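Just below is one structure, and these are the notes that go with it.
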Amino acid sequence: MELLPFEDGGNKLDDEHNSKNCTLIEQVERHKNHADVLLRLNDYTCAASHYEAAISLISSKSNVTIGGTCIVRRKGDAIIAEVDCIDSDSSQYDVTFVSQNGAEEEEATISDKDILLSVCTDETTYLQPRCLLNLSRCLIKLAEYDTTLGNVGCVGQTKHSTRQEKYRSAAVLGCSITITLCEHLKENVTSADKSLFDSLISKARLIRSRAFIGRNMLRHAMLDAKKVSLQNPDDKEALKLIKDIKVKEARNKSLDKKISKEVCRWVKKATTTSQGAAAIDRIDDEEVVSESETTHLSELDDEYSFVQWVFKKAFMEIGAVVSFVVAMAVIMYSNYDIVQQE
């Protein structure tokens, strides 16, 4: 089946750009417009690839120059930094972190791994925050629709997570960069553009709130949703998110109480039944023996007797632990069907 023109891949788009000698901004716009159509068609995978292509063109680390501005990762946050010096041999950057909320500016040396993207100030259509925001939308949708099981890992990462967790984590990062970028760009713009940036920030907070809910980080999700609700009390999506978060918090509390009751019930039975009580008494007896034998350590002058005492104590401790574990296993297995029914 032949693809429609807007469904075709990025290679033909790149060939067309090269043949017409398009500028960098024009190439980014073509990728974004192509991705916007795919996003409206719910083709989130292909749309995400074109948003990534647009972002890589305009936000690549190779675009970072002396005197330029970039967004870096610092203490888990995405913040604005101005580049003072670049050491190309060691890939080190001397930067000055832009003051926020009246704080003093701070200088530091970072590596290229800490740079999230370079800030483009040559275009007036604000393609960077728009592409980042829509890319985050695609990632949230992919987390909902991609039901592939199993963990995945990225190059250089030792921790493996599910595909859904990776999507939501990337969406949180994309929204955080969008918020930081919009707050930086709106400092020197007109009132109309400030309203646009405020709208983009609110949308980014709502998307990030949904990503936090999927990661069960309800406190962060509630914080984002409430910030949007305070700025716009009539925002239906923010109000719905707050309601959903409260329902999930109540469900989690109920589940925690249920688990706590079951654990207390198992502990109580372990200490009251004959097997459980015997295991506990045996452990207590061993502790008494251990204390009495510790007082006589100074009297163990013979090396052979000391080694013999160590082995005897070790076997007694192991025996007590094994007895207790077996007793707990028997009790937990007998109550497993009760938990399943509840």
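Assuming charge only on the beta carbon of Lys and Arg (+1) and of Asp and Glu (-1), the dipole of the range 177-249 about its Cα centre is about 400 debye to the nearest 20. The calculated FRET efficiency for S195 paired with D77, based on their beta-carbon distance and R0 = 22 Å, is about 0.30.
Give the residue list of trypsin sites (Lys or Arg not before Pro) in the range 156-226 that are DSSP loop and have at most 13 other beta-carbon atoms within 10 angstrom.
Numbers: sites: K159, R163, K166, R168, K186, K194, K203, R205, R208, R210, R215, R219, K226; in loops: K159, R215.
Hits after loop and neighbour filter: K159.
Farthest towards the positive end of the charge dipole of the range 35-134, among the residues G67, S90, S118, is the Cα of S118, using unit charges on the Cβ of Lys, Arg, Asp and Glu.
We did not get these values from a lab; they are worked out from the coordinates using the rules stated. Keep in mind it's a predicted model, so treat the numbers as computed, not measured. So basically every Cβ, Gly included, is an ideal-geometry build from the backbone, and we count neighbours across all protein chains shown.
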